[in-house]
Amino acid sequence: MTIIENISWSELLKNTNVTAEHGNDGNRIATATESLKQTAHQFVEVLNERARLFANSAQFDTALRDAAAIVAILPGAGLGYLCTGDVYCQQGHHAAAITIYDQGLQAASESDPCYQQLQRHRMTAIANNNKRVDFISQLPLDIVITNIVPRMETTHLMSDVLCEPLYVSRGWQKRILQQPNGLQLDFDNEDATFKRGHDQLVRFAPYVQTLSGSLFGAVRLDDLFTRAQFANLKQLNLTCEDDSFPRRHIIKGLRLIADSLTHLTLLYFSSIQLRDILELCPNLVSLNADDLDVVTPSSPSLRYPKMTHLGLLSSLSERALDHEDMVDLISRFPSLLSLEIGPMPDSKLLTILHEHCTHLQRLHYGGGYLSTGKFDVHPNPKGITSAHFFGGVSYHQDDLIQFLHLNQHSLETITLVGHINGDNGRWKLQHDKVVSNGAVGLLPENDPTQSKASFTQLTSIDFFPYSDTRDDIMKWMIWNAPNLKAISIPESHLQIDMAKAMTRSQHLSKLTINRMIGHHDFGGISEFLKFHIAKEGLSTLEEMTLNMNRPIHHVTWLPLISRLKCLKTLELLSPDILEGAKLTLVAIGLGCPALESLTLGNTGVKLGDGLIKPLCKLPNLKCLRIGARILSQPDLLALIEFPKLERLYLYYDVPDCIKEMLHNYIPKVIIV
């Protein structure tokens with residue numbers, strides 16, 4: 001016997017032609033069918049009323065269910081479509097309602113009692129669907145600027161890409177242009193000229209506060225600045241893409257906007273001299289320049305007290321100034337808070353910076369990178385808080401000692417990359433002390449031998465010396481930095497005496513070990529880790545980042561990490577993680593009870609099969625980053641076994657079915 005599972009309600013209400021009948025059965029069937037029709041109409045009227053009540057009570061899904069039942073029972077009647085469309089309208093889904101009304105008008109006849117209602121409700125839905133609420137113009141200005149405009153991506157624009165919100169209406173445009181930081185625009189070299197094009201840039205020129213782009217060939221800034229008034233332009237960032245770019249072109253352009261300009265970045269304009277900029281732009285507070293010709297104004301008395309940030313870097317070693325020229329340069333800027341300069345001929349300038357730049361708080365010396373000049377300024381500056389020494393200089397140990405002594409009470413973070421020369425020095429370092437090698441001839445307050453150093457504010461040391469550099473100066477700082485929290489050091493320099501100094505740091509929470517190759521004497525590293533292992537739950541060490549030059553299995557001391565009771569973050573940045581690393585990962589999986597975040601490998605590493613499973617026993621792991629270029633099927637399946645994993649980062653495009661599986665078990669899966 002065949003059982004019909006899907007019954008069409010409308011079929012039950014159709015009149016049936018009986019080809020063979022017994023007695024008066026045909027009439028009786030017709031009567032029964034008519035009775036069913038009447039019952040069905042009564043039933044759908046009740047459903048319609050209940051759907052209306054559900055919708056009025058905001059039970060929209062239930063109301064739509066009843067409306068769908070009406071359509072199923074009477075598909076040729078307009079009532080079900082009218083009911084469904086009305087529920088959608090109550091929800092504000094007018095486009096969906098219009099679609100339903102159209103279906104009803106096609107299904108129902110013009111004589112249907114709901115036909116005209118369908119037409120009227122359809123017209124109302126169309127009108128409502130076309131309404132637009134201009135909330136930008138109606139909301140208070142501070143709410144628009146603070147909460148809405150930043151989400152509209154209307155602050156940083158391209159000159160050749162229309163910003164649609166600016167063209168919605170005059171009200172929108174006015175509100176958007178009232179943001180306090182103005183517009184930031186990047187220009188391209190449209191037709192290699194500023195004489196035409198760049199319509200959006202020209203139109204909104206009075207509101208542009210930051211302008212960035214590259215120049216080459218015959219492109220002239222003065223062509224742009226004469227087409228519109230850039231009266232509020234404060235920041236200009238330019239890159240030269242042409243070695244033969246004429247000096248006069250940039251000078252003419254700067255002259256037209258110099259009065260409003262406060263921040264200027266010029267990259268690779270080798271034909272421009274520093275004095276050109278200083279003479280043209282009297283209101284600069286920040287200047288960044290790469291490969292600029294550092295020629296100061298001819299008058300030695302000229303000073304620029306408005307300048308608080310100066311960054312002058314060059315890749316051309318012949319542009320390194322001698323000591324006298326450097327002294328003349330920094331003496332021109334008595335209000336500097338931030339200085340980035342390189343290359344440098346030597347480190348002598350470090351000993352006199354405090355005499356010329358009494359407010360200096362951040363120093364990048366010898367190279368590095370040009371920053372924006374924005375940083376947290378201490379309200380009562382009493383010395384440099386952030387010092388970064390780069391490898392473009394051979395640093396004399398005496399100069400560093402004196403600099404550090406002068407800034408010992410303010411220094412918070414220090415980076416040292418390069419070579420330190422301690423030969424023929426006035427001082428030598430003995431653990432926590434500076435000892436004189438002979439007559440010094442300094443004032444007592446400038447003599448580091450007269451008092452014990454105390455780097456009370458120092459919290460972070462990043463030591464990346466050249467291979468032939470002694471580490472005495474770093475040990476001296478660590479010995480005398482009671483509040484040190486973070487250390488970055490090469491593996492080769494973490495020897496017994498360095499480890500002993502590091503164990504004195506009672507607040508050390510983060511350790512980064514660089515250039516790990518696994519061939520050094522690991523006594524120092526082992527001693528340091530055993531010290532924190534012995535402290536058990538009282539250990540302060542919570543973060544470790546290990547930058548390895550070789551695969552993990554070459555680093556034989558790594559299993560010690562598994563015994564650290566308080567370690568929360570571990571980054572194993574290895575070029576490859578092969579099957580030989582399994583014992584180490586098994587140890588970590590069985591230990592590290594507090595570990596919450598784990599990174600495995602650099603991006604694109606080769607990960608051996610079966611290395612994820614041993615880590616699944618980590619009881620508190622919440623974040624896992626795997627840099628592997630591909631994972632095996634067993635390793636992918638193992639990812640769902642971590643008991644508390646909340647965030648997973650993978651660095652290759654896994655199949656959709658795997659993504660879906662991972663999302664079912666892990667709240668946040670990010671494919672980078």
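Each reported figure results from applying straightforward, stated rules to the coordinates on display, with no laboratory input. Quick caveat: nothing in here was measured; it's all calculated off a predicted structure. As a convention, Cβ positions derive from the backbone with ideal geometry for all residues, glycine included, and neighbour counts pool all protein chains shown.
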222 nm [θ] for the chain, helices only, -39500 (n - 2.57) per DSSP H run of 4+, per residue, to 500?
-9000 deg cm²/dmol
Could you list which residues have their amide H under 5 Å from that of residue 288, counting only those 5 or more apart in sequence or on another chain, with H placed in the peptide plane?
264, 265, 266, 311
Taking Cα atoms, the helix 94-107 axis meets the longest principal axis of the chain at an angle in degrees (rounded to 10) of 20
Which value, to two decimals, describes the C-alpha radius of gyration of region 242-285 once divided by 2.2 N^0.38 Å?
1.10
If I stretch the segment between residue 672 and residue 143 completely, what's the gain in nm (0.36 nm per residue apart, minus their alpha carbon distance), one decimal?
187.0 nm
Footprinting proxy, 382, 622: sorted fewest to most Cβ within 10 Å, the residues are 382, 622
In this structure, the FRET efficiency calculated for residue 226 and residue 376 from their beta-carbon separation, with R0 = 41 Å, to the nearest 0.05, is 0.55
DSSP-assigned coil residues among trypsin sites (Lys or Arg not before Pro) in region 406-454, each with at most 14 further Cβ atoms within 10 Å:
452
Calculate how steeply helix 247-257 sits against the longest principal axis of the alpha-carbon atoms of the chain, using the helix alpha-carbon long axis, and give the answer as 0 to 90 degrees to the nearest 10.
60
Evaluate E = 1/(1 + (r/R0)^6) for residue 419 and residue 302, where r is the Cβ-Cβ distance and R0 equals 25 Å; express this FRET efficiency to the nearest 0.05.
0.10
Karplus ³J(HN,Hα) for region 385-390 (6.51 cos²θ - 1.76 cosθ + 1.60, θ = phi - 60°; Hz, whole; x = Gly/Pro) runs 9, 9, 10, 10, 10, 9
Would you please give the residues with an amide H less than 5 Å from that of residue 484, counting only those at least 5 places away or on a separate chain, with H modeled from the backbone geometry?
507
With the crude spin-label approximation of a point 7 Å out along Cα→Cβ, what separation in nm comes out for residue 496 versus residue 58?
7.4
Assertion target for 153, 412, ordered by fewest C-beta neighbours within 10 angstrom first, is 153, 412
Relative contact order, percent, of the chain when contacts are C-alpha pairs under 8 Å separated by at least 6 residues?
4
For residue 355 paired with residue 466, estimate the spin-label separation in nm (one decimal), with each label point 7 Å from Cα along the Cα-to-Cβ line.
2.8
Pull up all non-local amide H partners of residue 427: gap of 5 or more, or a different chain, and H-to-H distance under 5 Å with H placed in the peptide plane.
437
Starting from region 124-229, pick out the trypsin sites (Lys or Arg not before Pro) whose DSSP state is loop and whose Cβ has at most 12 other Cβ atoms within 10 Å.
131, 132, 196
May I ask you to order 537-544, 386-393, 562-569, 657-664 by the average number of other C-beta atoms within 10 Å around their residues, highest value first?
386-393, 562-569, 537-544, 657-664
Which shape class, rounded, prolate or oblate, goes with region 542-672 when its Cα gyration tensor gives a ≥ b ≥ c as root eigenvalues, a/c under 1.5 marks rounded, and past that a/b bigger than b/c marks prolate?
oblate
DSSP-loop trypsin sites (Lys or Arg not before Pro) across region 504-558, with at most 15 other Cβ within 10 angstrom
504, 535
Need one word for region 44-130: rounded, prolate or oblate. Basis is the Cα gyration tensor (sqrt eigenvalues a ≥ b ≥ c); a/c below 1.5 gives rounded, then a/b vs b/c decides.
oblate
Each residue of region 444-456 in order: what ³J(HN,Hα) in whole Hz does its phi give by Karplus 6.51 cos²θ - 1.76 cosθ + 1.60, θ = phi - 60°, with x for Gly and Pro?
x, 5, 9, 9, x, 7, 7, 8, 6, 5, 8, 8, 5
How would you classify the chain from its alpha-carbon gyration tensor, with a ≥ b ≥ c the square roots of the eigenvalues: rounded for a/c under 1.5, else prolate if a/b is greater than b/c, otherwise oblate?
oblate
Expressed in nanometres to one decimal, the distance between label points 7 Å along Cα→Cβ at residue 603 and residue 164 is 3.0
Net charge (Lys, Arg +1; Asp, Glu -1) of residues whose beta-carbon lies under 13 Å from that of residue 619, residue 619 excluded, is +3
Measure nothing but the geometry: give the 0 to 90° angle between the long axis through the Cα atoms of 79-91 and the longest principal axis through the Cα atoms of the chain, rounded to 10°.
20
Count the DSSP beta bridges whose two residues both fall in the chain, then state the antiparallel fraction as a percent rounded to the nearest 5.
5
